[in-house]
Amino acid sequence: SVRHPLNPEKYYLFTIDDVIGRNEGLNYFTFDKEGKNIAPTGANRLGEFYTSEGIAATKHANGVDIWITVIELNSTNLRSYLLTSDGLDTNAVVSDVAPNLFGDAGRGGMAFSPDGSKLAVGTGLSWPQSNSRLIVYKFDNSTGNISERRNIWQALNGYAPYDVVFSPDGSKIIVSEQMGFISSYDISSWGTELEMS
């Protein structure tokens with residue numbers, strides 16, 4: 001859920017797919033502060049694609065507008081939508097840098113760094129374990145473009161990563177993994193040592 005950038009009485013609720021359940025794609029609903037569905041009412045589908053289980057939001061460089069980002073399944077597209085004071089721009093900024101996810105590989109979380117400059121994605125199948133991935137990107141919070149993919153493969157305890165979150169200073173990514181493991185990865189040096197694909 002995301003509050004309207006300038007109207008504290010209007011909220012946007014975004015829903016994404018469950019990769020083994022019913023798939024409805026990316027939808028949004030709008031509500032007032034009492035929880036009443038307001039115009040545009042009902043489920044409002046964005047595009048005709050299906051999503052992974054990850055979704056993340058961060059502020060635009062202007063400090064007011066908000067980016068909402070998802071991964072398109074069976075594709076290499078990351079899609080970023082901008083919520084402005086005028087409402088949601090339903091035309092996504094598409095970055096062709098995502099892993100081509102399908103089936104259970106679509107499980108996993110996403111998170112932006114506190115300053116909005118990086119995006120982390122945890123995804124992958126449990127078996128074979130070599131498909132498990134923790135991915136870090138650079139994010140341009142002025143344009144919505146995602147680039148400079150870094151794949152981090154090793155030290156995942158042999159299990160698939162799931163949820164991800166950045167440390168408050170943005171120097172580390174904390175990852176929850178299958179079977180309850182928690183790992184931390186230092187990304188303070190954004191160099192070739194992170195380029196492990």
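The values are calculated or read from the model by the stated rules, or taken from the named source; none is laboratory data. Keep in mind that what you see is a predicted model, and the values were worked out from it rather than measured. Here the Cβ is made from the backbone with ideal geometry for all residues, glycine too, and neighbour counts use every protein chain on show. Each accessible area value is taken on the protein alone, full model and side chains, heavy atoms only, with ligands, DNA and RNA left out. Shrake-Rupley method; radii C 1.70, N 1.55, O 1.52, S 1.80 Å.
Summary table
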| quantity | calculated |
| --- | --- |
| Rough spin-label spacing in nm, given labels placed 7 Å along Cα→Cβ, for Arg45 and Asp96 | 2.5 |
| Difference of contour (0.36 nm per residue) and Cα-Cα distance, Asn74 to Arg3 | 22.5 nm |
| Solvent-accessible area per residue for the chain (1.4 angstrom probe, square angstrom) | 48 |
| For region 40-46, Karplus couplings with θ = phi - 60° (6.51, -1.76, 1.60), whole Hz, Gly/Pro x | x, 6, x, 7, 10, 6, 9 |
| Cut-off of 10 Å, at most 12 other beta carbons, DSSP loop: longest stretch of the chain lacking such trypsin sites (Lys or Arg not before Pro) | 37-197 |
| Net charge of neighbours whose Cβ lies under 9 Å from the Cβ of Tyr137, counting Lys and Arg as +1 and Asp and Glu as -1 | +3 |
| Spatially near lysine pairs across the chain, Cα under 14 Å, sequence gap of 8 or more or different chains | 5 |
| Extension gain from Ser184 to Thr15, taking 0.36 nm per residue of separation minus the Cα-Cα distance | 58.0 nm |
| The chain - percent of accessible surface contributed by carbon and sulfur, probe 1.4 Å | 49 |
| ³J(HN,Hα) computed for each position of region 168-182 - Karplus, 6.51 cos²θ - 1.76 cosθ + 1.60, integer Hz, glycine/proline x | x, 8, x, 8, 9, 10, 9, 10, 8, 10, 3, 6, x, 6, 10 |
| Calculated from backbone phi, Karplus (6.51, -1.76, 1.60) coupling profile of region 84-95 in Hz, x at Gly/Pro | 10, 5, 8, x, 8, 7, 7, 9, 7, 8, 9, 10 |
| Cα-based convex hull volume of region 1-64 per residue, rounded to whole Å³ | 103 |
| Simple label model, 7 Å out from Cα along Cβ direction - Lys138 to Ser117, nm | 1.0 |
| Rough spin-label spacing in nm, given labels placed 7 Å along Cα→Cβ, for Phe31 and Asp169 | 3.7 |
